1. Out of curiosity, is Val158 surrounded by 15 or more Cβ atoms within 10 Å (Cβ to Cβ), of a type in the set (Val, Ile, Thr) and part of a helix (DSSP H, G or I)?
2. Select, from Val45, Val64, the only residue that is surrounded by 18 or more Cβ atoms within 10 Å (Cβ to Cβ) and farther than 14 Å from Ala128 by Cα.
3. Out of the residues in region 95-137 that are under 12 Å from the mean Cα position of the chain (by Cα), among the aliphatic types (A, V, I, L, M) and under 16 Å from Arg51 (Cα atoms), which is surrounded by the most Cβ atoms within 10 Å (Cβ to Cβ)?
4. Looking only at residues in region 138-155 that are assigned to a helix (DSSP H, G or I) and touching a Phe, Trp or Tyr at 6+ places or on another chain (Cβ under 9 Å), which one is surrounded by the fewest Cβ atoms within 10 Å (Cβ to Cβ)?
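Nothing in this text is a laboratory measurement; each read-out follows from the coordinates by a stated rule. This one's a predicted model, so the numbers in the text were calculated from it and none came from an experiment. Ideal geometry is used to build each Cβ from the backbone, glycine not excepted, and the neighbour counts take in all protein chains shown.
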Amino acid sequence: MRMRACAVAGAVCLWGAGVGRLPAARAGVLLLVVVLWALLVLAAVIDARQRRFPRVLGRAIACVSAALSALVGGLARLAWCACAACAFGAVLTVAEMMWRRRHAGRPGLGMGDVKFLAALSLWAPLDAVLSLAGALVLLAWCGLLLRRDSLPLLPFAVPVFAVVRAARLLGWAS
């Protein structure tokens with residue numbers, strides 16, 4: 001099952017990258033955007049139900065995000081987004097390690113959430129940071145309203161990411 005999912009994600013990325021060189025590059029970008037949103041929704045549903053983020057899904061999101069970056073802005077944009085994703089992932093990893101050390105090993109953000117946000121940063125680094133900030137605010141409010149200590153992050157992060165991307169497309173944010 002894992003090999004099949006990786007093979008499908010790789011084939012979609014390679015097809016999208018090949019289409020990017022043809023005049024119909026928009027079709028490849030549109031296909032990759034649809035695939036990415038389907039993967040994001042799947043990640044949110046799995047996190048809501050099982051409180052985990054499968055590695056194969058993280059790899060698929062990273063692959064599609066990287067292909068989108070390369071198609072939209074070339075290798076220079078992909079390199080910049082990869083550096084931003086590594087930096088963002090490193091900062092979140094250090095913050096999570098410090099949290100666990102201070103709170104007797106209790107997980108805070110979770111390493112699956114870190115992988116998700118780093119993979120998403122390969123496409124839109126600033127939007128991933130904004131979605132984390134918005135999701136943490138929503139998470140805190142819902143935690144207070146529901147009186148729960150722990151809630152999954154991705155069901156909050158994916159809709160906030162959608163709002164941030166929509167705001168960019170509509171010109172509300174630059």
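1. So Val158 fits the description; yes.
2. Just a single option satisfies the conditions, and that option is Val64.
3. So the first thing to find is which residues in region 95-137 are under 12 Å from the mean Cα position of the chain (by Cα), and the list is 112-132.
Within this subset, residues satisfying the condition of being among the aliphatic types (A, V, I, L, M) are 114, 117-120, 122, 124, 126, 128-130, 132.
Adding the requirement that they be under 16 Å from Arg51 (Cα atoms) leaves 114, 117.
Values: Val114: 22, Leu117: 24.
Among residues in region 95-137 that are under 12 Å from the mean Cα position of the chain (by Cα), among the aliphatic types (A, V, I, L, M) and under 16 Å from Arg51 (Cα atoms), the one surrounded by the most Cβ atoms within 10 Å (Cβ to Cβ) is Leu117.
4. Taking region 138-155 first, the residues assigned to a helix (DSSP H, G or I) are 138-146, 154-155.
Next, from what is left, pick out any that are touching a Phe, Trp or Tyr at 6+ places or on another chain (Cβ under 9 Å): 138-139, 142, 154.
Values: Leu138: 17, Leu139: 19, Cys142: 13, Leu154: 26.
The qualifying residue surrounded by the fewest Cβ atoms within 10 Å (Cβ to Cβ) is Cys142.
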